[in-house]
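The values are calculated or read from the model by the stated rules, or taken from the named source; none is laboratory data. Owing to the predicted nature of the structure, the values given are computational and were not obtained by experimental measurement. Because the Cβ atoms are built from the backbone with ideal geometry, glycine has one as well, and the counts that use them run over all protein chains shown.
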Amino acid sequence: MAYLQVNSITKQFGGLIAVDNVSFEVEKGEIVSIIGPNGAGKTTVFNMLTGVYTIDNGEIIFDGTPIHNTTPYNVVNQGISRTFQNIRLFPNMRVIENVLVGTHIRTEYGFFDSLFRTPRYKKEEAEKVMHAVDILRDIGLEDRINDYAQNLPYGEQRKVEIARAIATDAKIILLDEPAAGMNPQESEELLRFIRELRDKGYTIILIEHDMNVVMNISDRIYVIDHGKKIAQGFPNEIANNQSVIEAYLGGVKKDA
Amino acid sequence: MDKKMKKDTSKNFIFKMETLIEKYKIPIGIACAAVLLGFPYIGVNQYIMRIAIMIGIYSMLALGLNILTGYTGQVSLGHAGFYAIGAYTASLVSLKLGAGFIVSAIAGATLASFCGLLLGLPTLRLKGTYLSIVTLGFGEIVKMVLMNWDKVTNGTLGLKNIPRPSVFGLKLTLANNGIYYMMLVLLALITLVCILIIKSKIGRAFMSIKEDELAATMMGVKTTRYKVLAFVISAFITGIAGAFYASMIGFIDPNSFTFDISTLIISIVILGGMGTIRGMFVGSAILIAFPEVSRFMMDYRFVVYGIVLVVMMRFRPQGLLGWKSQMPYKFPKLAVQELEKRKKGNMQTQQV
């Protein structure tokens, strides 16, 4: 069984079958991309993985534990976190506070520790702040620690979202169109950054439309169209797959 | 370009002002303490003293509501209900059981926060306006119960001869300024508790819920639990204020805890600045003191509270004191030490 095993998941909204018997697997340390035309059901798959939606059929098993039809809290607790298609930061909170909310689930001190500022509180609060600072430093946002999230340029807001997801001590990070709205230079930087994440041991699942990013970073690709999986394989296989090209692919840029 | 320049200059102004305050915070703090502590001795009469104490009580109420509404974003239009539960419970405990103020107040606040729990739990799923309507209903139900449960609450006649608080046998009254200082102590405690809660993971959880509840959930914040916690804390603080109010004034009836009072509390929070501590004192001072200025103001004060609500939400929703701090984030001491250690480590490697 794979690190993340997704078997025949289906999601139906009334008469509309948004996700139809989709199966895929992700091994530890892989970067797997899910691509497909807009409205294919990719984000719905993410929502099923993260507990936003219940699944009507099938199962999702992470590291041997079923995680389908549980709460988002449970999914994050098991070690899967995500970013959003349209950025959902906490706009009136500072960058560091945004990332600190990511550490919330791993922070053990409670109400009475906060009220009486116990040694446990002081130690853990400092640890979590340092953790957040380190994540932000690694991602190149050290200078933005004090800034309010809504004041950041778009590309940096995306990075903060990723930093926040990392702060949950996730093992698998789901990135939902991280390159959206980025210029070529920013996407290159994103590529580099995702590779660094993988080198650090994270497993990444990517939804992306930017083919430069997808083809250059993915170990494997799954293609979804109209809720169904229509192809899977290595980047070069997908690039040459007729049904994929028909469904979706435009011009593909590949490094040698 | 013009709007951005305006924003930058105001940010600059805020930064300069905050830096000044930070620099002189000790003398400013001492001056404020001196004014507050010396207030009874500058020749104020009982009338002014009463107003000052009411400003204190409404600051407590505002701080309580602020936790729920200003930080967690759950709008309550029925906080007079918790105020009443605190007041009535504390009064009954001290009248019928002869308990002292502290015991009565804790009993009042505990029952109020229990009602906060009962109110919070089923309303978890309700969004925005729907939650507010339910809280409004809660306030009305409390008043109805107080008016009709004659056996316990004495109905519309209310409770009288509620004893003043006494500390170590000394009775605290308006005359000996004991009540005023007790108000200060309670207000200071409540303010401290609010600050301690807000500047912790709990405060961040509250704020994340207000900012984007879905994102908060997806980051592993148990939003339902924290919304209920916000209700409970808010109700507890409001209950304490109610207990103190009853003890100070000696007589309470259901008409002291109407929807108008709920409106007043939320107007204070919005006028002063939702999500700020400082705004609660200023908002309270303004809205409690101003009706005393003229007979006309006094008679129409609830109209004015409503107008304040609407005008503030339209033109300055962040409130009078609701600016965003331009000071850097305050790191915990241990983290500052760690950062210093690293800097020194870096410098040493550079020297080598």
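Brief remarks follow.
- Just one of the numbered conditions (1) touching a Lys or Arg at 6+ places or on another chain (Cβ under 9 Å); (2) farther than 23 Å from residue B:284 by Cα; (3) within 14 Å of chain A (Cβ to nearest Cβ); (4) of a type outside the set (Asp, Glu) is not true of residue B:163: (3).
- Residue check for residue A:102: assigned by TED's automatic domain parsing to the domain that holds residue A:165 and among the small types (Gly, Ala, Ser): yes
- Extreme residue, farthest from the other protein chains (Cβ to nearest Cβ), among residues of the stretch A:123-144 that are at negative phi and not in a helix (DSSP H, G or I): A:139
- Boolean, residue B:162 is touching a residue at least 12 places away in the same chain (Cβ under 8 Å) and assigned to a helix (DSSP H, G or I): no
- Checking residue A:21 against (1) more than 13 Å from chain B (Cβ to nearest Cβ); (2) outside any loop (DSSP other than H, G, I, E, B); (3) within 19 Å of the chain's Cα centre (by Cα), the condition it does not meet: (3)
- Look at (1) in contact with a strand residue (DSSP E or B) (Cβ under 6 Å, 6 or more places away or on another chain); (2) assigned by TED's automatic domain parsing to the domain that holds residue A:160 and you find that residue A:93 fails only one, number (1).
- Considering the stretch A:34-122, the qualifying helices (runs of 4 or more DSSP H), each wholly inside and each with 1 or more residues that are under 19 Å from residue B:218 (Cα atoms), within 19 Å of the chain's Cα centre (by Cα) and within 7 Å of chain B (Cβ to nearest Cβ), run over A:72-78, A:95-103.
- Boolean, residue B:279 is under 14 Å from the mean Cα position of the chain (by Cα), under 30 Å from residue A:128 (Cα atoms) and either modelled with pLDDT of 95 or more or surrounded by fewer than 13 Cβ atoms within 10 Å (Cβ to Cβ) (or both): yes
To keep it simple, each residue is scored yes or no on (1) closer than 21 Å to residue A:50 by Cβ; (2) over 15 Å from the mean Cα position of the chain (by Cα).
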position: A:175; (1), (2): yes, no
position: A:180; (1), (2): yes, no
position: A:184; (1), (2): no, yes
position: A:187; (1), (2): no, yes
position: A:207; (1), (2): yes, no
position: A:217; (1), (2): no, no
position: A:225; (1), (2): no, yes
position: A:232; (1), (2): no, yes
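- Residue within the stretch B:199-219 that is touching a residue at least 60 places away in the same chain (Cβ under 8 Å), within 8 Å of chain A (Cβ to nearest Cβ), hydrophobic (A, V, I, L, M, F, W, C) and crowded, with 16+ Cβ neighbours inside 10 Å present: yes
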